Amino acid sequence: LEIILSLFISNCAVVQKPHPLNRDVERLWQQCFKPLADYEVLSFCDPDDGPQLVKDTRISKIYFVGTYR
């Protein structure tokens, strides 16, 4: 949902970084959102890329989603 809200409501490009346990599900999201990735408003990165993303000056918003236990 955050991807859709960011793209279509907030008018932002999105980088999706999955949780390491969700690699298989992430492949499905990549297929579903391929047209947006082809248009270069959405990209996907490796779960290990988090530290680089938070330091990237081009990124203006970071959303953390999931459950806390």
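The number of residues in segment 54-69 that are open to solvent by less than 60 Å² (accessible area, probe 1.4 Å) and touching a residue at least 12 places away in the same chain (Cβ under 8 Å) comes to 1.
Is at least one residue of segment 26-35 without any contact (Cβ under 8 Å) to a residue 60 or more places away in the chain and acidic (D, E)?
Of all residues in segment 26-35, those without any contact (Cβ under 8 Å) to a residue 60 or more places away in the chain come to 26-35.
Right, trim to acidic (D, E) and you get 26.
Yes.
Scan segment 30-37 and tell me whether some residue there is in a loop (DSSP other than H, G, I, E, B), open to solvent by 70 Å² or more (accessible area, probe 1.4 Å) and modelled with pLDDT of 90 or more. No, every residue in segment 30-37 fails to be in a loop (DSSP other than H, G, I, E, B), open to solvent by 70 Å² or more (accessible area, probe 1.4 Å) and modelled with pLDDT of 90 or more. For segment 5-18, taking the residues that are of a type outside the set (S, T, N, Q) and surrounded by 12 or more Cβ atoms within 10 Å (Cβ to Cβ), the one that is farthest from S60 (Cα to Cα) is identified as P18. Restricting attention to segment 39-53 and to residues that are under 14 Å from W29 (Cα atoms) and part of a loop (DSSP other than H, G, I, E, B), the residue that is most open to solvent (accessible area, probe 1.4 Å) turns out to be D46.
The values are calculated or read from the model by the stated rules, or taken from the named source; none is laboratory data. In this text the structure is predicted, and so the values were computed from the model without any measurement. For neighbour counting, all protein chains shown are included, and Cβ atoms are generated from backbone atoms with ideal geometry for every residue, glycine included. Remember, those area values only see protein heavy atoms, side chains included, never the ligands or the DNA or RNA. Shrake-Rupley method; radii C 1.70, N 1.55, O 1.52, S 1.80 Å.
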